[in-house]
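Below you'll find the structure, written out as structure tokens, and then a few comments.
Just so it is clear, none of the values below were taken in a lab; they were calculated from the coordinates. Just so we're clear, the structure is a prediction, and the values are computed from it rather than from any experiment. Every residue, glycine among them, receives a Cβ derived from its backbone with ideal geometry; neighbour counts consider all protein chains shown.
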Amino acid sequence: MTLFVALAFALILAVPGPAPAQPKDVVIGVIYPMSGPAAQAGIDNKPVFEIAAEIANGTTDLPFPFYQRLKGMPGLKGARVRLIFADHQGKPDVGQAEVERMFTQEKVHAVVCCWHSNVTAAASQAAERMGMPFFNAESSSPGLTARGFQWFFRSSPHDGHFTQVMFDFFRDFQAKRGVKLRTLGLTYEDTTFGADSGKVEKELAARYGYEVVLDLQYRARATSLQSEVQRLKAANPDVWMPTSYQTDAILFVRTSRELDYNPKMIMAQNAGHISSDFVKEVGREAEGTLTRAPFSTDLIDRRPVAKALNAIYAKRAGKDLYDFPARAFTGMMTLLDAINRAGATDPEAIRRALVATNIPGDQLIMTWDGVKFDATGQNTGVKGIILQMQGGKYHTVYPFDAATRDVLYPIPQWKDRK
Amino acid sequence: MKRAVLLLLFLAALAFPVVFTLPFPRHVMIMIFLYGALAVAWNILAGYCGQISLGHAVFFGIGAYTSTLLVAKGQLTPWLGMAAGAALAVLVSQLIGYPVFRLRGHYFAIATIAVGEIVQTLVINWDWAGGARGLFVPIKRPDSVVNFQFHQSKAVYYYIALGLLLLALAVTRWLERSRHGYYFRAIREDQDAAASLGVHVAREKHRAIAVSAALTALGGTFYAQYVFFIDPESVFPLSLSILICLIAVLGGVGTLWGPVLGAAVLVPLSEGTRVWLGGTGKALDLLIYGGLIMVIATLQPAGLMGLARRFRRAP
């Protein structure tokens, strides 16, 4: 038995870590799901992180002032950026142990982690305890920035922002088109996602003076939504706001057609309505469905920065930039910019530089106002966008200055469709 | 000879944190002790009594949630929470026992999977307990034994985890030699024959699951105090139940040291391959991990303990 324990230990201790960092290197730990159900997120993000490091190292060129200034990390007199990737397998305890290992053994100066909200929740505590910078580029649970942490920074929007953008859209759309939207019908599935979404939507409806004429929680695994659609039809709200996963979203569309329910406007909470299966199965029938999103592939051609980056990314990843790598890139560049401005790699200097971050919106690939952190570490410059299904594909329709299509309103009735 | 080896191992375990001061090697050892303790606890019901459970995450989760809810909502020390969690796990195990112990073999195993899934779904929908978003253990400084929180060093966690493992081993050792240990094994070999000889089969099965559940719940509380965050996905998943079973089976079911051996091999193997190759995004680490498990299982169906015995027999 001693033999086995000895062997087992020999294995783990013999694992060749990279050579110890030279003082000039900036080392960043990148901890993502690289196996398990969400592995695609980590795998699609890896090339974009490498591109970010190359931009800082001057080996890849993105011809825009913000990225040019970072070239060769002048603040650190030409230090080289080195990334160390690791897999947390979607497990909070692994993420936490990995953050500790990164800081103590790999001697990284900051970590970018974790995608899953629950892994981020556990792993960021380790960094907070150690007093080391923890950067999050995409976890959307609002509670993460409500913990009073000093070392936690999030560049991406959370669920509260996402719902806000729907109501901003209602306001601007009414002003632009001169139509009146007064009543809302909410349907949401019965797990946390739906319950949280329904709660935020009700709060915002009350704040902005909309009347909720239908407030309906339904079984996520329901095999029939006949009675739900009939109630929608009876209430006939100006806007129907569904929060659904994939199968129920598809079932809603089919049942609406069956029962001839003709909503004038549909505003969905991402998830099921944006899934590739939904688009494939009922994309045509779901004509006119609006949904919130943080980034859209059809915006790439409109934004020169995104277009330049996509040309590099698509070659390496074999696909266009989409939501996940777009947010990951923005997060990593924000961190690299802060380290460059800090002019040092000690944790307090990096933290202070992150607090002072101010990246103008026109330098980002996202349609945001910019990157600027409030006292909780949340980026205040975030902005969601609204997409609409037109001709079986999602197109950006809001904010209006970034739109690639006009809003289709009202949605054509079933009898008028081919 | 055997005693000398065990004593040496024990001393080595005590000295480990003194030699290895970095958090990660200590973390790996803590995980060996924790999963070792869980597998030893599982082994009491499955290895000795022959009732293969694939729902042990239920007891682990009860331990984690009970202590965390008592800390977060009642300001109670996690040590009391640990005891309460173990007590609650025993109670739940008895309730589960009534229906599922009527089933035998595969049907019992399937029923325990179902119980695990039901409990996880219930907790996901239980808003007061954090629902799907999970719970944070409120961080209290400075480090204190009463609060069961140690932020400066993992050494204390290390010794607590070692204590858990030793406790589980001591209980198993005691059971092995007691009357109940013999009843358990009789039930495992042939339930009907055992009953005909006067063994109260149902009562003994309930005893086995009670001990097993209590020890598993202690591990759950330890996990919560160690990670400071729990959610249904991390403490109630089927994958955890299967991992516990895998460790025990790989090490050697129905033996005292088998599950510990299983943990001592599997945990460093899993962590080592993950650290070494996990960042490539090609899942190579999991391929190697899975491949080695298959090799061991094929060549040595009795588990690593069988291999160890063969070594010992050789001159």
Linear extension gain, A:Y208 paired with A:R352, 0.36 nm per residue minus alpha-carbon span:
48.1 nm
Rounded to 10°, Cα long-axis angle of helix A:2-14 versus longest principal axis of chain A:
80
Can you give me the C-alpha center-to-center distance between the range B:1-78 and the range A:117-145, rounded to a whole angstrom?
26
Cross-link pairs beyond the 30 Å C-alpha cut-off, checked among A:K176/A:K233; A:K46/A:K280; A:K202/A:K233; A:K199/A:K307; A:K202/B:K73:
A:K199/A:K307
Helix-only mean residue ellipticity at 222 nm, chain A, DSSP H runs n ≥ 4 weighted -39,500 (n - 2.57), per residue, nearest 500. What is it?
-13000 deg cm²/dmol
Kindly point out which whole DSSP H helices in chain B project their C-alpha atoms 15 angstrom or further along the helix axis while averaging a Kyte-Doolittle hydropathy of 0.0 or above.
B:2-19, B:23-43, B:57-74, B:78-100, B:105-124, B:155-177, B:201-227, B:238-251, B:258-277, B:284-299
Ranked by GNM mean-square fluctuation in chain B (Cα springs under 10 Å), the top entry among B:I296, B:I30, B:I247 is B:I296
Hey, got the average number of other protein chain Cβ atoms within 10 angstrom for residues in B:286-293?
1
Residue by residue through B:225-233, how many Cβ atoms from other chains fall within 10 Å of the Cβ on average?
6
Net charge, A:F170 excluded, C-beta distance under 15 Å - Lys, Arg +1, Asp, Glu -1
+3
Report D for chain A in µm² per second (integer): Stokes-Einstein, Kirkwood Rh on Cα pairs, 4 °C, 1.567 mPa s.
57
Hits among lysines - C-alpha to C-alpha of B:K2 under 28 Å, sequence gap 8 or more where chains match
none
Here the equivalent ellipsoid of the protein assembly as shown, derived from its Cα gyration tensor, has semi-axes (largest first, whole Å) of 48, 34, 22
On a C-alpha basis, how far is the centre of the range B:236-315 from the centre of the range B:88-120 in Å? Whole number, if you could?
26
Which of the cysteines found in the protein assembly as shown have nothing to pair with, since no other Cys Cβ lies under 4.7 Å from theirs?
B:C49, B:C245
Determine the relative contact order of chain B: mean sequence separation of Cα pairs under 8 Å and six or more apart, normalised by residue count, in whole percent.
31
Taking chain B as a Gaussian network, where each spring joins two C-alpha atoms under 10 Å apart, which residue of B:V123, B:V227, B:V100 fluctuates the most?
B:V227
Net dipole in debye of the range B:22-236 [+1 Lys, Arg Cβ; -1 Asp, Glu Cβ; about Cα centre; nearest 20]
400
Report the residue, chosen from B:I44, B:I230, B:I293, that carries the largest GNM mean-square fluctuation when chain B is represented by alpha-carbon nodes joined by springs under 10 Å.
B:I293
Compactness summary of the range A:136-224: radius of gyration and Dmax from Cα atoms, Å, are 15.8, 48
In whole percent, what relative contact order does chain A give with Cα contacts below 8 Å and a gap of six or more residues?
16
Taking the 0 to 90 degree range and rounding to the nearest ten, how far is the long axis of helix A:39-57 tilted relative to the main principal axis of chain A, both from C-alpha atoms?
50
For the Cα atoms of chain A, what angle does the longest principal axis make with the long axis of helix A:92-104, in degrees from 0 to 90, nearest 10?
30
For chain A, share of DSSP beta bridges that run antiparallel, in % to the nearest 5
25
For the protein assembly as shown, give me the percentage of DSSP beta bridges that are antiparallel, rounded to the nearest 5 percent.
30
Measuring from its Cα centre, the protein assembly as shown shows a charge dipole (+1 at each Lys and Arg Cβ, -1 at each Asp and Glu Cβ) which, in debye to the nearest 20, is 1220
With each label point set 7 Å from Cα along the Cα-Cβ vector, what nm distance links B:V145 and A:L259?
6.4
